[in-house]
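Take a look at the structure set out below.
A short reminder: the numbers here are calculations on the coordinates, not readings from a lab. Since this is a predicted model, take the numbers as computed values, not measurements. Quick reminder, even Gly has a Cβ in these numbers, built from the backbone with ideal geometry, and neighbours come from all protein chains shown.
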Amino acid sequence: MSRIPAVKRRRLSPPAANGAVSAPPQDYKSSFIANASKWDLEQDYEQRPRKLKKQKENGRLPIRTNDGWIEQKAAPKEDKGAEESDSFLGSEEENGTEERKVDDDTPKVPQRQQIVEAKEELARIASLINEDPEEHIAGLRTLANFAGSENTIIRKLAIAAQLAIFKDLIPGYRIRPLSEESMTDKVSKEVRKLRNFEQKLVSSYQAYIQDLTQLSKLSGSAKPESASLATVAISCACSLLASVPHFNFRGELLKILVGKLSGRRVDGDFVKCKEALETLFQNDEDGNAALDAVTMVTKMMKSRNYHVDESVLNTFLHLRLLSEFSSKASYNSVDKPVEEPYHGKKPKQKREFRSKKQRKLLKEQKGIEKELKEADAVVSHEERDRMQAETLKMVFVAYFRILKARSPKLMGAVLEGLARYAHLINQDFFGDILEALRDMISTAELTAAVEDDEDEAQDDDDDDDDLPERNITRESLLCVITAFALLQGQDAAAAASTLKLDLSFFITHLYRTLHAVSLNPNIEFSAKSLHLPDPHASGTRTTTNKINVQTTVVLLIRSLTSILLPATALRAVPPIRIAAFCKQLMTISLQLPEKSCVAMLGLMNMVTKSHGRKVSALWNTEERRGDGVFDAFKPEIEGSNPFAGTVWEGEILRKHYCPIVREAMVGIEKNVIQGRS
């Protein structure tokens with residue numbers, strides 16, 4: 001048998017050096033505890049790398065050493081583009097030089113070509129949207145990108161294209177935002193498609209309005225490009241407000257217009273905004289848009305302390321409530337028509353017999369009619385009257401605040417507006433306005449007296465030459481016109497007894513100013529008249545008639561007509577007042593220019609035709625009824641003693657160089673003779 005080899009044993013530990021016996025192995029746990037006390041854990045934690053930023057993933061495994069496990073650092077990634085460029089082009093400096101050369105040699109598209117391409121693209125997108133708006137509604141976003149171009153011309157074209165497209169896409173109703181419940185409702189595919197289209201349209205329109213708001217703030221900029229962009233934006237806002245005032249974000253459009261009207265600079269953009277506001281007032285049927293606009297304008301004027309142009313206030317004269325509203329109002333209330341109670345026995349109405357089925361059908365028909373009215377946006381008369389009543393109160397609030405503030409620039413516009421709104425003012429507001437007008441006339445008289453004293457005491461050099469001169473005569477005439485215009489729609493006797501106001505103050509003031517007005521050389525000139533200043537006038541100030549566009553003689557004749565020819569028979573004119581005014585008017589006719597003299601004699605013709613019997617004694621010395629002497633400069637009408645004088649001025653006017661004046665005098669004498677007989 002073969003011999004079985006012995007099993008080879010593996011040595012577990014190395015032999016001891018120099019034949020020494022190896023020491024028994026130490027306990028591992030005891031050595032770990034013994035060495036743990038010597039570790040510096042804080043220093044070890046401090047030396048660990050911190051992950052302050054997002055580090056790139058390290059693909060290398062850690063290495064174990066006598067000190068422990070050590071992580072290998074990740075190899076930096078080599079820039080292949082740099083290597084390729086280095087290997088192909090050379091060094092980095094050569095690479096940068098070559099890149100600059102490539103950029104410089106890149107062909108640039110001319111600006112004219114860019115504009116032509118932009119026009120073609122805008123036209124293509126607009127045609128697609130017009131063909132199928134629901135399918136190509138995403139084209140609005142592309143147009144918005146064009147509107148953000150750096151090229152000013154392309155930007156203008158994009159804004160104008162957006163305007164035309166939105167005017168075509170906007171429906172005839174206001175789109176309301178969908179609630180969360182509406183979004184989760186189960187609807188048909190067509191309804192869901194229509195909702196998506198409407199929401200995208202509203203969001204795009206909102207972004208467009210915001211863009212217009214930002215661009216409109218550049219109006220009046222020193223840079224011509226920014227100013228031209230602002231002009232285009234304001235024109236688009238005016239067009240949208242005039243064409244689609246019922247749609248969403250009407251308030252944002254009104255902010256653009258009112259913000260431009262708040263400035264003192266009157267330019268082309270200012271005129272566009274004013275005309276757009278007037279168009280809105282004229283075409284507003286339900287009164288809702290007009291109420292919003294009037295509210296914003298009044299708040300703007302109050303915040304500006306009424307330092308605005310008077311044309312802004314004149315926009316209130318274009319409101320439809322001037323001809324449509326029938327009730328009377330003030331700045332805090334509106335008179336509502338009160339139905340008189342019926343005290344008698346009500347007659348029994350004959351009721352028509354209807355079956356149950358007929359009543360049910362009638363009820364359903366009324367519901368359908370109500371829904372149709374809501375769908376057609378038909379506004380009831382009650383709703384429109386309510387809106388117009390609120391608008392009227394806001395207008396009166398603005399007028400009364402300006403009267404209290406005594407703003408010289410807006411006083412003429414306020415008086416003109418009150419004269420136009422006279423038939424809509426109730427007696428409560430009537431008393432406050434008359435008191436304010438009386439204070440204004442008293443202040444004007446005092447100011448005129450002070451100015452006369454200063455002119456006599458001082459030389460031509462004046463410290464206030466730079467300030468505009470106020471035309472106090474015109475303001476006083478406007479106060480008289482406004483006071484009597486307010487009475488046309490009121491019961492004068494009831495107003496005088498209730499409010500304890502005496503209108504003779506205005507009559508006396510007008511009588512005292514007749515001579516001064518007739519000597520005014522600019523009596524036939526208005527604010528728009530072109531005439532050279534007087535070279536012999538003292539000082540360098542020029543009179544600017546900014547109060548009213550009407551001439552002074554027109555205002556004078558309107559005032560005299562209200563006093564001498566009242567609209568109602570309740571206000572009878574006493575004979576002494578008629579005689580005193582006729583004597584004074586014939587005297588000032590000698591000083592007036594030709595056209596003014598013709599107008600004044602025309603008024604005298606109407607007065608003698610209506611009151612010929614009362615004033616016939618002035619044309620006949622044998623029928624003189626007064627004792628004493630006539631005093632033309634007497635401040636009181638009753639104390640002037642008009643019947644003690646005669647109208648001798650008629651003999652001079654009969655020989656006037658103007659044939660129209662001579663014919664007017666013949667007509668006046670005929671009226672006097674007829675009245676005497």
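Values for this structure:
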read-out	value
For segment 112-164: rounded, prolate or oblate by the Cα gyration tensor [a/c cutoff 1.5]	prolate
Span from the segment 392-449 Cα centroid across to the segment 581-625 one, whole angstrom	32 Å
Packing-based ranking, highest mean first, of 665-671, 272-278 given that Cβ atoms within 10 Å are counted	272-278, 665-671
Selection of chymotrypsin sites (Phe, Trp or Tyr not before Pro), segment 127-229, meeting DSSP coil and at most 14 other Cβ within 10 Å	Tyr173
Prolate/oblate/rounded call for segment 174-247, Cα gyration tensor, a/c under 1.5 rounded	prolate
Whole-Hz ³J(HN,Hα) from phi, Karplus 6.51 cos²θ - 1.76 cosθ + 1.60, for segment 410-417, glycine and proline x	9, 5, x, 5, 5, 5, 5, x
Rounded Å value of the spacing that divides the Cα centres of segment 205-252 and segment 511-525	47 Å
Long-range HN-HN contacts of Ile425 with modeled amide H, under 5 Å	Ala329
Amide H contacts of Gln591 (H built 1.01 Å from N, under 5 Å, at least 5 apart or other chain)	none
Segment Asp267-Glu669, extension gain: residue separation times 0.36 nm, minus the distance between their alpha carbons	139.4 nm
Ranked by how many other beta carbons lie within 10 Å on average, peptides 131-141, 603-613, 576-586, 356-366 from highest	576-586, 603-613, 131-141, 356-366
From phi via Karplus (6.51, -1.76, 1.60), per-residue ³J(HN,Hα) for segment 551-559 in Hz, x at Gly/Pro	6, 5, 5, 5, 5, 5, 5, 5, 5
